[in-house]
1. Any chance the stretch 258-270 includes a residue that's outside the structural domain of S62 (by TED's automatic domain parsing) and under 19 Å from Q67 (Cβ atoms)?
2. Answer yes if at least one residue in the stretch 274-282 is surrounded by fewer than 20 Cβ atoms within 10 Å (Cβ to Cβ), more than 18 Å from A137 (Cβ to Cβ) and among the polar types (S, T, N, Q), and no otherwise.
3. Test L385 against the stated conditions and say whether it is in a helix (DSSP H, G or I) and within 21 Å of the chain's Cα centre (by Cα).
4. Condition first: under 28 Å from the mean Cα position of the chain (by Cα) and part of a helix (DSSP H, G or I). Now tell me which residues in the stretch 160-184 satisfy that.
5. Based on this model, can you work out whether A116 counts as touching a residue at least 60 places away in the same chain (Cβ under 8 Å), buried (at least 21 other Cβ atoms within 10 Å of the Cβ), assigned to a helix (DSSP H, G or I) and on the phi < 0 side of the Ramachandran plot?
6. Which one is surrounded by the most Cβ atoms within 10 Å (Cβ to Cβ), of the residues in the stretch 53-95 that are among the small types (G, A, S) and closer than 17 Å to S362 by Cα?
7. Give all pairs with beta carbons closer than 8 Å in which a residue from the stretch 321-345 that is in the same structural domain as I74 (by TED's automatic domain parsing) meets a residue that is acidic (D, E); count only pairs at least 6 apart in sequence or on separate chains.
Amino acid sequence: MSTTAEAPAAPEAERETFSIGAALRRLGRGELGSVRVLIGIAVIWTIFQLANDRFLSAINLSNLTLQIAATATISIGVVLVLLLGEIDLSVGIVSGLAAAVMAVLSVQHGLAPELAIVAALVVGALIGCFQGLMVTAFGIPSFVVTLAGLLGWQGVLLWVLGDTGSINLPPSTITDLTGTFFDPVVGWVIAIAAIAAYAASLLLARRRRVAAELDPGPLASVALRIALVAAAIVAAVAILNADRGVPLAALIVVVLMVVFSFITERTRYGRHIFAVGGNAEAARRAGIRISRIRVSVFALASALAAAGGVLAASRLLSVNQQSGGSDLLLLAIAGPVVAGTSLFGGRGFVWSALLGAIVIGSISNGMDLLGLDSDVKFMITGAVLLGAVTIDAATRLRRQTATSG
């Protein structure tokens, strides 16, 4: 009798867990960061569309996609570093230096564009290894090491470019990275494949939980997630096809997001990154090689910065002394933080790089359409970053209070 009486309790608990009130409480605790960001994007887009009816046009959203590609790629590496509880202030200038190396090798020395791109990625990875070793071997704070890198690599960039100061990129594989757009039919094939892959991943994860005799959660929740993602993908492809088609650069960014999301969420290496960022001493006692994790993450971050530099050079069709400078570093770090990745380590997700890039990129793009001055743009972007960090700190404090209570 007791078994029969207790059985209905599970559905009731599920209804409580997925109630609107519970969702709002989780949103307030920062557990539904992606939902909060999506709501923010909807608000930002609504405001700018009301202010300028060209904001949500197909051509502007296509341009926005290309504008955020480089920043989003760099931000993936920033997320990895932030998950460790570290910071990398050199990613912006490393992207510019890697792009300069690629341009010099390809244009001035006649190296094949594909090999020049590989060389740029290798340069980025080596820089990251060096900075990671400085942090781990000598115990120097990453803030200091990468701040020195921000200054030092700027000098190397000027040295690599030499007296010319600027190198224009002729049509090649490099420029094709952001200049290639897929035929509408190909775009829809990519959309169908992406939706099918996402649905398969969720259903496979649910099947594994059932096999392990764990609670898989309601099937309706999985169906809802698939439907929402499918709707977003279909809408994105439809809008991009209305202009020039799905850009290759967007596909590159999404593939990188998927790969590093899988690494951080489904592999032992990813779990070690979270463990080190959450509590380095506990991770060390658990047998995790902290130094190796840190060096490898800094190497990946700089390699991704180099990849972002390649995409930026491809879009601008040139590399110069300002490459990797201006507000690129700010945008690359602000994006993930705005989207919910904690500055304090151990909490975040790779997709925050893309969501944050959309938020920051939309604000910048919208202000450009409105013709706002640079001083106003910097103040607004800074206010958004400060607000995001404040929310992150408040959420962290609320969690600590709840735990201690």
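The values are calculated or read from the model by the stated rules, or taken from the named source; none is laboratory data. All values derive from a computational prediction rather than experimental measurement. Every residue, glycine as well, gets a Cβ built from its backbone with ideal geometry; the counts of neighbours run over all protein chains shown.
1. no
2. Scanning the stretch 274-282, I find at least one residue that is surrounded by fewer than 20 Cβ atoms within 10 Å (Cβ to Cβ), more than 18 Å from A137 (Cβ to Cβ) and among the polar types (S, T, N, Q), so the answer is yes.
3. Values: in a helix (DSSP H, G or I): yes; within 21 Å of the chain's Cα centre (by Cα): yes.
Against the criterion (in a helix (DSSP H, G or I) and within 21 Å of the chain's Cα centre (by Cα)), L385 qualifies.
4. Matches in the stretch 160-184: T173, I174, T175, D176, L177, T178, G179, P184.
5. Spelling it out, it is not the case that A116 is touching a residue at least 60 places away in the same chain (Cβ under 8 Å), buried (at least 21 other Cβ atoms within 10 Å of the Cβ), assigned to a helix (DSSP H, G or I) and on the phi < 0 side of the Ramachandran plot.
6. S75
7. If the second residue must be acidic (D, E), the pairs left are V337/D392; G340/D392; S342/D392; L343/D392; F344/D392; G345/E86.
Every residue, every condition in (1) in a loop (DSSP other than H, G, I, E, B); (2) small (G, A, S), yes or no:
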site	(1), (2)
V81	no, no
G85	yes, yes
I93	no, no
A99	no, yes
S106	no, yes
